[in-house]
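Below: the structure, in structure tokens.
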């Protein structure tokens, strides 16, 4: 129905950069060998994988041999947490707003007898260091807390957590710190030494690389149990023939993310801020979710009172604006966004939240078009909503009361 | 499944939105699980629905079900409206994925609650005046 299509869902996935496509195409057509083969074709593929590993390492301030390539962020999170959890149940600390790939693994460990502490976030969507200090016991062997939330973009105090973990380790405790940085890498400056994390997950398709490739940083000295059995790839920590084209694409995307970091982040922040300014000018009864300072530069999460997120999302989509919502209504059961609920907001706000996430290919015209469409859709859905009208009792005819 | 062109058209241009100031009956029902809500106002004369209006809060199938239903029932006799089923409404919106059938069920339930009010008025012997 729409003639114009504006993509404002870069936190879900990004379009693949044409330079990444070119690098990947070369890998598909020229560097097609098996990176484990000893002949020339294999060695060319090995060299391409090594170059990509250097680029990914450079993006996050790691050493080349501390990068394990995976199929994406979910596998990286699974490998990190499962790879560090021993058969003997212990204690793990996480947060209430983790991505399902972390939350789900923690739930599974809990079923196997582990104690799991899920730190609360408050109205700002950020965990408190004091809560973490209180939660750590002598049995705590792993802390897994995301760098930036995928729905509201709030930045967690990762370097403070890293310092706390280092202090505990200095006291003799065997404790590791993993962070899911899938949303953060390429969006904010990431240096694993500054953060003090032992493991860090990242994903290619959030960085203008294709789906199906990601990486896990594993600090030297951390012993990780492989979750797949087979070959000796990735230093015995992830068996399986390397996805050379995907890895090459991730390497190219990492290089571009590093080279263009300042330009991209200031561009995204400028568009996001313009968007929020225009929205606040034209639409009332809304709540900007999460801390407005400590958050990703490209993301805005807004709850619109009196209307439901999915209704608004589809209306926007039919007019050419692609966004996402944290809640979904299915089979008569609604799952209001657990992240928005964790902020202490009620169900109406949790049901009416929409995430807008900007990218390097958006421009100011996109913002102004999206705000026009949004303002009209919100107006229409509010005219349709019974929530902002007199109650039915006031309207019932006298003869039926 | 993707939504039908009828569905998309009603979502873009919902019909019969609002309340009726001179309604014979007004009913509002909420799905207690997902929170979706529909309000239907009816103006009835001589056993026939002259006007219908609706308001809705919820996912797109809920918004569209109200629009299609109100369009469908205007001009119907009370007994014709009473016999409408969820399946017929789903058919009229051009089909819904099974996980969204509850939206049509809520619209039908709200219509029946409004029709019950009309029946109550009639059974209590109160004349619905011609307007």
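For the reader, a short list of remarks on this structure follows.
- The helix-only estimate of mean residue ellipticity at 222 nm for chain B, built from DSSP H runs of length n ≥ 4 each weighted as -39500 (n - 2.57), is -13500 deg cm²/dmol after division by the residue total.
- Three-way shape label, segment A:78-178, alpha-carbon gyration tensor, a/c 1.5: oblate
- Every helix of 4 or more DSSP H residues in chain A counts as -39500 (n - 2.57), and over all residues that averages to -13000 deg cm²/dmol at 222 nm.
- Based on every Cα atom in the protein assembly as shown, Rg and the maximum pairwise Cα distance Dmax equal 27.5, 96 Å.
- Rounded Å value of the spacing that divides the Cα centres of segment B:68-109 and segment A:50-110: 49 Å
- Residue exposure sequence - A:223, B:53, A:54 - by fewest surrounding Cβ within 10 Å: A:223, A:54, B:53
- Volume per residue that the Cα convex hull of segment A:18-259 spans, once the total is divided by residue count, Å³: 114 Å³
- Our note on the geometry: Cα centres of segment A:226-290 and segment A:16-39, 21 Å apart.
- Shown for A:159, A:385, A:95, A:324: other C-beta atoms within 10 Å of each C-beta, ranked fewest to most, produce the order A:159, A:324, A:385, A:95.
- Long-range Cα-Cα pairs in segment B:5-123 (distance over 18 Å), rounded percent: 44 percent
- Against the main long axis of the alpha-carbon atoms of chain B, helix B:101-123 sits at an angle near 0°.
- Peptide B:26-38 is shielded by partner chain Cβ atoms: per residue, an average of 5 of them sit within 10 Å of its Cβ.
- Once C-alpha pairs closer than 8 Å and six or more residues apart are averaged by separation and normalised to the residue number of segment A:18-259, the relative contact order reads 28 percent.
- The mean count of C-beta atoms from other chains within 10 Å of the C-beta of residues in A:151-158, rounded to a whole number, is 0.
- Shielding of A:314-320 by partner chains, average beta-carbon count, 10 Å: 3
- Relative to the compact-globule estimate of 2.2 N^0.38 Å, the Cα radius of gyration of segment A:1-108 comes out at 1.45.
- In plain terms, the residue of A:265, A:138, A:70, B:110 with the fewest other Cβ atoms within 10 Å comes first and the most crowded comes last, giving A:138, A:265, B:110, A:70.
No lab work stands behind these numbers, since they all come straight from the coordinates. This one's a predicted model, so the numbers in the text were calculated from it and none came from an experiment. For neighbour counting, all protein chains shown are included, and Cβ atoms are generated from backbone atoms with ideal geometry for every residue, glycine included.
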